[in-house]
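Input: a single structure, listed below in structure tokens.
The values are calculated or read from the model by the stated rules, or taken from the named source; none is laboratory data. Predicted model, so just to flag it, every value in this text is computed and none were measured. Virtual Cβ from ideal backbone geometry, glycine too; neighbours counted across all protein chains shown.
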Amino acid sequence: MQSFQKILVPVDFEELSSEAINVAMTVGAKFESSITLFHAYSLPVAPYAEGFTWPMGEFAAAARAALDKALMLARPRYPQIDAALAAGPPAYEIIDFVKKQAIDLVVMGTHGRRGVSRFLLGSVAEKVVRLSPVPVLTVPGVA
């Protein structure tokens, strides 16, 4: 059986992220794994926003605060947990982190969007599953 020493849990701070964290803790306990909560934020892109100055510091501060809160809630239940933050397209930032940090397993929620909403919003989980060099365990949401 494969051993998972380093588990990555991408979070978007919705309820499904909490479920993914719980699943990662269950798997991690079996292997005495370290777990990293990971959040990547990106700015909205609009063709008409050229020249608009985005408040990057505010985006980063809000993301850091939410990530720190998630970490604070998880750490009492699983001491071998830390967190990392990145700026950029989430799926690509996740894959980059997996490669650079030698992650063994990704555990992430999938919203189960279908049809037009999936077309418009894309699927971070789908991209990660397709591009990941390591196993990805998805925790499904309600469609």
Search region 1-45 for residues being among the small types (Gly, Ala, Ser) and buried (at least 22 other Cβ atoms within 10 Å of the Cβ), and hand back the single one that is nearest to residue 83 (Cα to Cα).
40
Does region 99-112 hold any residues that are under 18 Å from residue 123 (Cα atoms) and either out of contact with any strand residue (DSSP E or B) (no Cβ under 9 Å at 6 or more places or on another chain) or crowded, with 16+ Cβ neighbours inside 10 Å (or both), and which are they?
106, 107, 108, 109, 110, 111
Pairs please, first residue from region 61-75 and under 19 Å from residue 87 (Cβ atoms), second anywhere and assigned to a helix (DSSP H, G or I), Cβ atoms under 8 Å, 6+ apart in sequence or on different chains.
70/17; 70/21
Hey, residue 139 out of contact with any Leu (no Cβ under 6 Å at 6 or more places or on another chain), modelled with pLDDT under 95, assigned to a strand (DSSP E or B) and surrounded by 13 or more Cβ atoms within 10 Å (Cβ to Cβ) or not:
yes
